[in-house]
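My questions all concern the structure below.
The values are calculated or read from the model by the stated rules, or taken from the named source; none is laboratory data. Just so it is clear, the structure is predicted and the values come from calculations on it, not from any experiment. Counting neighbours? That spans all protein chains shown, and the Cβs are built from the backbone with ideal geometry, glycine included. We work out accessible area using only protein heavy atoms, side chains counted, and drop any ligands, DNA or RNA first. Shrake-Rupley method; radii C 1.70, N 1.55, O 1.52, S 1.80 Å.
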Amino acid sequence: MKIRFPNTFLSTVCFLLLAASSLMQAQSPNEQGTVREFSLYAWDTLPHSQLYYQSGNTMSELKVNPGRRSKSYPLSMGKLQLFVLTKDPEGKDDYKLVGEASMMEGAKKMLFVVVANKRASGLPLTMFGINDSLDVFPAGSFRFMNFTSVPMEGHFNGETFRLKPGKTTVVESKKESSGGFLPFYIRTMDGVMLYESRLLGQPAGREIVFITPPTNDSGRVNIRFLPQSLPRAPSTPTM
């Protein structure tokens, strides 16, 4: 059985944006002005070497390295807007909007996946926001993101779960404090194996697993990992 997938990663990002549009809402009036945090993840090298973002009336530079999570930045607005520095007709510094995405309502921290937009329309950068708060994505857990248009079944650490198109699923590793490698595989809803490996579960870390369409005729999905180490909570001294 051959599974049909979109041919490019950008098309799957667009699909995911449409599927999640009902969740990506700007802040409600009583949330306006609340300082929250965000970080960026550039899938590949972006066409702009320097990026800036607006928070209130202030423009601040962002440091984004491809394939790595950026540091956290504060934001007091209902959406994240990215700009590049240009010159106006008079030769003065000006800022041009190249990408934007709404903050998710109720999220204390967001992670925005950023890719270059190769379509003829729209802003140069396509962005997809994820609720990155610890209350929904805690330490010791994995977040599986299905960036394809077909449903799949995931299996991790003895738990089986459905991977819906354009949706994310968070699963805790449930491993002893020392951590360890845990079995992981993805298959179609008809049982055809698409990917099989083992993932390292760590109590002081968490990891995003991006699932994207195959780039060849093997039928196996492509997987990209974004790990993050979190500071351990201070232990309570014993008396």
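Which number do you get for Rg(Cα) / (2.2 N^0.38 Å) in the range 68-170?
1.38
Heavy atoms only, 1.4 Å probe, whole protein assembly: order Arg68, Arg143 by accessible area, highest first. Spell out each step's value before the answer.
Values: Arg68 150, Arg143 15 Å².
Ranked list, largest accessible area first: Arg68, Arg143.
Quick one: net charge of Gly154's neighbours, Cβ under 13 Å, K/R +1, D/E -1?
+2
So, one more: Shape verdict for the range 87-239, please, from the Cα gyration tensor: rounded (a/c under 1.5), prolate (a/b greater than b/c) or oblate.
Working: a/c = 2.66, a/b = 1.29, b/c = 2.06.
Oblate shape, in that a/c is at least 1.5 and b/c is the bigger or equal ratio.
Roughly how big is the range 38-157's charge dipole about its Cα centre, with Cβ charges of +1 (Lys, Arg) and -1 (Asp, Glu), in debye to the nearest 20?
Magnitude of the dipole: close to 200 debye.
Return the sequence-ordered ³J(HN,Hα) values of the range 133-145 in whole Hz as given by the Karplus equation 6.51 cos²θ - 1.76 cosθ + 1.60 applied to θ = phi - 60°, using x for Gly and Pro.
Taking θ as phi minus 60°, the curve returns 5, 5, 6, 10, 9, x, 4, x, 10, 10, 10, 9, 10 Hz for the range 133-145.
With only alpha-carbon pairs counted, each pair once and no self-pairs, how large is the Kirkwood hydrodynamic radius of the range 124-184 in angstroms?
For the range 124-184, inverting the mean 1/r across all distinct Cα pairs yields 13.1 Å.
Is the range 26-111 best put as rounded, prolate or oblate by its Cα gyration tensor, with a ≥ b ≥ c the root eigenvalues, rounded for a/c under 1.5, and otherwise prolate when a/b is larger than b/c, oblate when not? Write out the running numbers ahead of the final one.
On the way: a/c = 2.43, a/b = 1.29, b/c = 1.88.
Judged from the Cα gyration tensor, the range 26-111 comes out oblate (a/c at least 1.5, b/c at or above a/b).
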